[in-house]
Structures are given as structure tokens and as C-alpha cells.
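Have a look at the structure below, then the notes.
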Amino acid sequence: MMRFVSIRRLLAAVPALIMVLTMMAALAASPAHAVQVERVTSPGGIEAWLIRDHSNPITTLKLSFRGGAALDPDGKSGLANLAAATMDEGAGDMDSNTFQKALDERSITLRFTAGRDRFDGSLRTLNKHRDEAFEYLRLALNEPRFDEEPVERMRARIISGIRQQQEDPRNRAGRALFETAFEGHPYARDNDGTVESVSALTAADLRTFVGERIARDNLLIGVVGDIDAETLKGYLDKAFGTLPEKAAPWHVAKIAPKLSGGVQVIDVDVPQSAIQFAQPGILRSDPDFYTAYVLNYVIGGGGFVSRLYEEVREKRGLAYSVYSYLMPLDAAGAVMGGAATANARVAETVTTVRDVWKKFADEGPTPEELKDAKTYLTGAFPMRFTSSSAIADMLVGMQEENLGIDYIEKRNSYIEAVTLEDAKRVAKRLYQPDKLTFAIAGKPEGVVSGN
């Protein structure tokens, strides 16, 4: 007779395989641990963190300006996002078609994105086109055109995306949760804005955004590739040297998420409800962050081997997937997660998640869970270094969070230092079942809005 073995049991039965795979990943990416991060400062005072990689004649640059969509003025939500979509649609004396054709002909990648706390950009080029690539970056940052045709084209694309998101149950549940958690705060707004706010944005608004937000004192840069420090200095001054010295203030007010343990139901006529849940969390700068990071892996961040997966999926078959994650924003921290299940089983899913939350808060992880989490999180770290773009992203993130230029070398030691005593203490501090709040989009049976 054929026997079926659960995924969790199968993984538990082959720890040697997991270790082999982890070692293979580490070996494949081992250069990431051997590299040196250089602090490069140009004659004009522009700083970048550099990792040299001479394996390919390519240069990759990631940049980040502190202050993102949360700083959009009242009534103009979506401004940063529209700016990100249009800054590379023509610059200087080049209209959109000319600018994009110049990038395409040279296989140069240049794009911008807007997050809640950051406005990011990326540039990737073959070294033989590096002079032109940095000139196009300079133009996009200093002289974006915001011509009518590309602005209207990108506006239409963004509005179409907003309308699609309004029909997505998971997005609707997530939006409701954010609006509850951050009521009265800029974080309550969607980065993309609303149909009404995006429709009202003007080219003058976009120019004001660039004038106030794109400057040198809120700029962070990470570079990876076949380039030396002296050469990079020249390109830094070329691309960024003429930016304004100071940006408008970019800090947003700190806020404790307003999550009190209730349930909100958003009526959507679908057979399966989307469940999003959250509770207050901690900031990235919190001394307990690494312990919290390990704990999240155990409870819901570890996929097939997490507590939530075992109780919700394996034991009860309530949902195909269930997960949790830490969300440390500049001005607030939260622990968030989600699942999706048939309408008839939503109530049981919510109860099960709450039970797992409470037990974890009371008891913390087992010694075996803690050991396995640390082994995975340290072993998987080299897999983040599989591309120059990912490494450049990390260099920017290290600067954003003030992690130190030697963070890559030290990071695993922070994970390894987490003790069982630490884990149990932080589990009691962090996990708050009485504040675990749910937003459910669908037609859940036996579940109504309230406490």
C-alpha cells in the first residue's frame, strides 16, 4: 500500500539533503563573502559603496533618495509613483521616443520606483556604453521633460493598475488593514494613489517633486561591477554633482499601528476569502530585531516548515499557503501575514492563526526550531548574492539602515548569537494575540466585522 508523507515530515527526514543544498548555494555564491566593500567619495563629495566584480564588463548602480510616497502632499497621493514612471520618458533635448531608443540600442537599463520611505533608481550598462549610460542617468535626474504624451500614457497605465487592484480580494484586504493600522498617517495611503488623485496630477506637480525630493543630502548609492574607485569617482560627479545640495525634509512622524485585535470583513463575491492579518511590530533599529527575524522564520516565514503552515495547512487543510513577515518601516513596525481559504472555513482559519500566535507568545520556539531556523537563515544568506543588482541593492540597504560597511561579514554572527533565552523573551514581547487584527475580503461564513 502506498504511504503519503507530508512535506514537513519529508523535510525533517532529510536534514543532510538540506545541508548539502545549503552548502552548494554557499559555494556557488562564496565570492560575496570574500569581496571588499569600498567607500568611494568623489571630488565633489558624492559617496558610494562599491564592490568590484571583474567577471563581466558590466557596471550596475542602485540609488535611493530618502523619502518616498509617504511624503506625497495631501490630495496628491501617487505623485512619487507617477514621477518614477515618467522620469525616464524623455530628458534634456531628447523626447520619450528618442531617450528610450537610445537606451534600447545600447542595452542600458534605467528605471525608477517609489516605495513608502524611499525613491529608488537603478542603472545597468555594458562598460563600453558606460559614458552614455551615466549621461542618461544625469539627464533623467536633473532634466526630466514630463512631456504631455508620456505623462498621459503612464498615467493611464497606473490608473488601469489601480482599478485592477481594486478588484483583487487580497489587495482589498491589505488596503483595509493599512487604513486601519495607520489611520490619519501618510502610511494609510496607497503608494499608487487613487484614480482621482492620479488623474489630477500635473506636469508642474512632477517638476515640484523633482525639485524637492531629488538632492544630494538624501542620496545613497551602491555600485557593483567592473569598475575601479577612481573611475567611479568621475561618474559620480557626472551623474549627481549638479543635483541640489539639500532636499526638503523627508522624515514622517512615528506612529504605533492602531491594531486592537478586531476583524473587518470587506464584502466581495468570491468563493475563496483573502485573509490579511497584522499586529504592532518593531523597527529595524531595535536591538531585538535579529531575534525577531529568527522568530518570524519559525512561526510563519519558513514556508513548509513554519508553525502556521503545519497547523493551518498540514493538520487542517485550511489553506494552500499561510505566511508571516516583519515589516519595519521608517516610522512604524508591524508583523503581518496572510492566507486564503474557502468561505466556509474562514472562521476556523482565523481561530487557528490566533491559537498559534498565542502559543508562540507563551512558549516561544523549541530548541530544535531555533537551531533549524538559524541554520537555514545563515546558510541561505549567500543566495542573496546571485546577481550584481541584488548586491547593489544590499549596499544601499546597508546605508539606509546604518548597518556598517562590514555588515556582510558580520550579518551571520548576529543570527548565530540568538539564544533560546533571547527567543523566548522576545516572543513574549513581540507577539500580541490580543492585538492580532484581521481584514478579510470575501463572503466568509460565520464571520462578521467587530471584535
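The values are calculated or read from the model by the stated rules, or taken from the named source; none is laboratory data. If you're wondering where the values come from, they're calculated on a predicted model, not measured in any experiment. Cβ sites come from the backbone with ideal geometry, for glycine too, and all protein chains shown count toward neighbours.
Just so you know, in segment 133-155 the residues that are under 17 Å from V223 (Cα atoms) and not aromatic (F, W, Y) include one that is surrounded by the most Cβ atoms within 10 Å (Cβ to Cβ), and it is A133. Taken together, the criteria place S285 among residues that are small (G, A, S) and assigned to a loop (DSSP other than H, G, I, E, B). Taken over segment 260-313, the residue count meeting the criterion of being closer than 22 Å to E348 by Cβ, among the aliphatic types (A, V, I, L, M) and crowded, with 23+ Cβ neighbours inside 10 Å is 6. Scanning segment 241-259 for residues that are surrounded by 20 or more Cβ atoms within 10 Å (Cβ to Cβ) and of a type in the set (G, A, S) yields a count of 1. As a summary of the residue check, R130 satisfies the conditions (1) assigned to a helix (DSSP H, G or I); (2) under 30 Å from V263 (Cβ atoms) except for the one numbered (2). The combined condition, being over 28 Å from S199 (Cα atoms) and crowded, with 16+ Cβ neighbours inside 10 Å, is not fulfilled by L82. Note on segment 405-451: residues that are modelled with pLDDT under 95 and among the small types (G, A, S) total 3.
For F381, the conditions (1) touching a residue at least 12 places away in the same chain (Cβ under 8 Å); (2) surrounded by fewer than 20 Cβ atoms within 10 Å (Cβ to Cβ); (3) in contact with a strand residue (DSSP E or B) (Cβ under 9 Å, 6 or more places away or on another chain) are fulfilled apart from (3).
Results for (1) over 27 Å from V447 (Cβ atoms); (2) touching a residue at least 12 places away in the same chain (Cβ under 8 Å); (3) of a type in the set (S, T, N, Q); (4) in a strand (DSSP E or B), shown as yes or no for each residue.
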{"residue": "S273", "(1), (2), (3), (4)": "no, yes, yes, yes"}
{"residue": "T291", "(1), (2), (3), (4)": "yes, yes, yes, no"}
{"residue": "R313", "(1), (2), (3), (4)": "no, no, no, no"}
{"residue": "Y320", "(1), (2), (3), (4)": "no, yes, no, no"}
{"residue": "D355", "(1), (2), (3), (4)": "no, yes, no, no"}
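Residue by residue through segment 351-397, note down the ones that are of a type in the set (V, I, T) and over 26 Å from the mean Cα position of the chain (by Cα).
Taking segment 351-397 as the starting set, the residues that turn out to be of a type in the set (V, I, T) are 351-353, 356, 366, 375, 378, 386, 391, 396.
Within segment 351-397, T351, T352, T366 meet the criteria.
When restricted to residues that are surrounded by 14 or more Cβ atoms within 10 Å (Cβ to Cβ) and out of contact with any Gly (no Cβ under 9 Å at 6 or more places or on another chain), segment 180-194 contains 6.
State all residues of segment 314-334 that are over 18 Å from D117 (Cβ atoms) and buried (at least 20 other Cβ atoms within 10 Å of the Cβ); if no residue qualifies, say none. Before the answer, list the steps.
Going residue by residue through segment 314-334, those that are over 18 Å from D117 (Cβ atoms) are 314-324.
Residues satisfying the conditions are L318, A319, V322, S324.
Among the residues of segment 198-218, those that are crowded, with 19+ Cβ neighbours inside 10 Å and not in a loop (DSSP other than H, G, I, E, B) comprise V198, L206, F209, V210, R213.
Only one of I158, I221 is touching a Gly at 6+ places or on another chain (Cβ under 8 Å) and either part of a helix (DSSP H, G or I) or buried (at least 21 other Cβ atoms within 10 Å of the Cβ) (or both). Can you tell me which? Explain how you work it out, then say what you get.
Working: I221 fails: touching a Gly at 6+ places or on another chain (Cβ under 8 Å).
That would be I158, the only listed residue that is touching a Gly at 6+ places or on another chain (Cβ under 8 Å) and either part of a helix (DSSP H, G or I) or buried (at least 21 other Cβ atoms within 10 Å of the Cβ) (or both).
Once segment 98-118 is narrowed to residues that are under 26 Å from the mean Cα position of the chain (by Cα) and of a type outside the set (V, I, T), the residue that is nearest to K128 (Cα to Cα) is L110.
Here N127 fulfils each of the conditions (1) touching a residue at least 40 places away in the same chain (Cβ under 8 Å); (2) surrounded by 16 or more Cβ atoms within 10 Å (Cβ to Cβ); (3) not basic (K, R) apart from (2). If you go through segment 416-451 and keep only what is among the β-branched types (V, I, T) and either assigned to a helix (DSSP H, G or I) or touching a Lys or Arg at 6+ places or on another chain (Cβ under 8 Å) (or both), you end up with V418, V426. Counting residues in segment 95-111 that are farther than 30 Å from H185 by Cα, without any contact (Cβ under 8 Å) to a residue 12 or more places away in the chain and not in a helix (DSSP H, G or I) gives zero.
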